[in-house]
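Accompanying notes for the structure given below.
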Amino acid sequence: MNFDVNALRWTREPKSCVISQDKIEIVTNPHTDLWQRTYYHFRNDNAPVLQMSTQEQFFSFVVKTEFSESHRRFDQCGVVVYLDGENWIKGSVEYENTQFQHLGSVVTNHGYSDWATTEIPADVKSVWYRLSRRKDDFCIECSGDGTVFRQMRICHLTEATDGIRFGIYACSPEYSSFRAIFTNMELTDCRWPAHDGQAPDEEI
């Protein structure tokens, strides 16, 4: 595994977690979440986040998530770029009910979140993610097998102008708790290629 877990640091440590070089397990605390203002008009900023810092402007981070124990609405785990309470990105699967769940991403710039989702079957209990950075732009991809990745989202994080923190998170916004498992973590050169289509606009 090309990933040093010793470089990871907590922003809000959960009550229960197990960290080894090959696997990280997080047991979520009830009523934990990340969300800012938009539509719901509440602000939640208490989810456990485990990240490393980097000045690297171009990289990709891969991780496999397993969430067979998720069982209550909005239980979630996935990848994250958390700069502070008002500037962050997350990608995850959120449990909804016994018929379907939401595969999606949230981008929060200057204290306002959005949420882009698609419904997937409720029996999906493992997803790979690849988070890629190209300066202050990011791409989140997902995969069922860790080989073929499909784009979920391209986005901009306004405050990601220099060093950032990135990693994993897990939370249970309602009265719930489940075990989230993270494996196959890898840090590589950026696998999100430079755009080769329309030329950028000339700066004025």
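The values are calculated or read from the model by the stated rules, or taken from the named source; none is laboratory data. None of these values were measured; they are calculated from a predicted model. A quick note on method: Cβ atoms are made from the backbone with ideal geometry, for glycine too, and the neighbour counts reach across all protein chains shown. Calculation scope for accessible area: heavy atoms of the full protein, side chains included, ligands and nucleic acids excluded. Shrake-Rupley method; radii C 1.70, N 1.55, O 1.52, S 1.80 Å.
Using θ = phi - 60° and the Karplus form 6.51 cos²θ - 1.76 cosθ + 1.60, what ³J(HN,Hα) does each residue of the range 176-190 get, whole Hz, x for Gly and Pro?
For the range 176-190, the Karplus-derived couplings read 7, 7, 8, 9, 9, 10, 10, 9, 6, 6, 8, 10, 9, 4, 5 Hz, x marking Gly and Pro.
Between ASP22 and SER53, what is the spin-label point distance in nm, taking each point 7 Å from the Cα along the Cα→C-beta axis?
3.1
Applying the Karplus parametrisation 6.51 cos²θ - 1.76 cosθ + 1.60 with θ = phi - 60° to the phi angles of the range 146-152, what ³J(HN,Hα) value in whole Hz is obtained for each residue in order, glycine and proline being reported as x?
Coupling constants for the range 146-152: x, 10, 9, 9, 10, 5, 9 Hz.
Ignoring any ligand, DNA or RNA, what whole percent of the accessible area of the range 78-204 comes from carbon and sulfur when the probe is 1.4 angstrom?
Values: 2880 of 6120 Å².
Summing carbon and sulfur atoms, their accessible area is 47 percent of the total for the range 78-204.
How much of LYS125 can a 1.4 Å solvent probe reach, expressed as accessible area in Å² and rounded to 10?
Ignoring ligands and nucleic acids, LYS125 comes out at about 50 Å².
For PHE59, which sequence-distant residues (separation of 5 or more, or a different chain) have an amide H within less than 5 Å of its own amide H, given hydrogens modelled in the peptide plane?
ARG133, CYS190
Please work out the average accessible area per residue across the chain, using the 1.4 Å probe convention, and give it in Å².
Numbers: 10220 Å² over 204 residues.
Heavy-atom accessible area per residue stands at 50 Å².
Within the range 147-204, report the chymotrypsin sites (Phe, Trp or Tyr not before Pro) that DSSP leaves as loop and that have at most 14 other Cβ atoms within 10 Å.
Working: sites: PHE149, PHE166, TYR169, TYR175, PHE178, PHE182; in loops: PHE149, TYR175, PHE178.
Here the sparse-neighbourhood loop sites are TYR175.
I want the local charge near ASP136. Using Cβ-Cβ distances under 11 Å, sum +1 for each Lys or Arg and -1 for each Asp or Glu among the other residues.
Working: positive: ARG133, ARG134, LYS135; negative: ASP137, GLU159, ASP162.
That sum, taken over residues with Cβ under 11 Å, equals 0.
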